[in-house]
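Read-outs: derived from the displayed coordinates by stated rules, not from any lab. Computed from a predicted structure; not experimentally measured.
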Amino acid sequence: MNMPVSYRPIGVIHSGHTRPEETPIQPVYAEGCEGKAEVFPEFAPGLRDLEGFSHIYLLYHMHKVEGARLTVQPFLQDVERGVFATRAPCRPNPIGLSIVKLVRREGNILYLDGVDVLDGTPLLDIKPYTARFDRRETTRNGWQDEVDERTAWQRGTRSG
């Protein structure tokens with residue numbers, strides 16, 4: 001099953017992040033980083049009723065990634081890991097996923113908080129976050145259980 005797959009962006013993500021090395025590595029470390037998802041007009045009717053949700057998933061194409069690797073050194077550790085056990089961007093298919101706070105909607109523009117995405121990133125899809133379906137009480141976090149919280153915050157916010 002080696003068929004090509006293609007997607008058409010439904011919009012573009014705007015943020016204050018212009019340099020990958022200065023962008024928070026996950027939305028949890030991007031609180032206060034505001035941004036917008038501009039949905040192209042032909043897809044705007046699909047936004048109906050979205051404002052009733054506090055958080056949304058953004059699925060996007062990480063357009064600045066150069067080359068895929070199957071092993072990487074994640075931001076939170078100095079150890080090589082399999083790319084699928086990380087959220088590193090240099091994946092075979094550079095698809096990003098972020099849960100962000102939906103502040104408000106104005107027409108085809110979604111105002112967001114907790115944005116960890118580079119400015120100009122193509123938006124592939126939006127899905128509502130709903131605790132009924134998405135919240136899980138985690139019991140295992142793999143290698144991330146080895147990372148202390150202080151180190152995670154320093155590296156995650158790119159502040160140290």
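Before moving on, here are some points about what is shown:
- Cα pair distances in region 11-156, grouped into 10 Å bins until the bin that holds the longest one, percent each: 11, 38, 36, 14, 1
- Taking amide H as placed 1.01 Å from N in the peptide plane, His55 has its amide H under 5 Å from the amide H of Leu102, Tyr129, each at least 5 places away in sequence or on another chain.
- Relative contact order for the chain: 37 percent, from Cα pairs under 8 Å spaced at least 6 residues apart, divided by residue count.
- Only DSSP H runs of four or more residues enter the estimate; each adds -39500 (n - 2.57), and after division by the residues of the chain the mean residue ellipticity at 222 nm equals -1500 deg cm²/dmol.
- Aspartates and glutamates with Cα under 19 Å of Lys101, excluding same-chain neighbours fewer than 8 positions away: Glu31, Glu34, Glu38, Asp49, Glu51, Asp113, Asp116, Asp119, Asp125, Asp134
- Set of lysines with alpha-carbon distance to Lys64 below 19 Å, sequence-local pairs under 8 removed: Lys36
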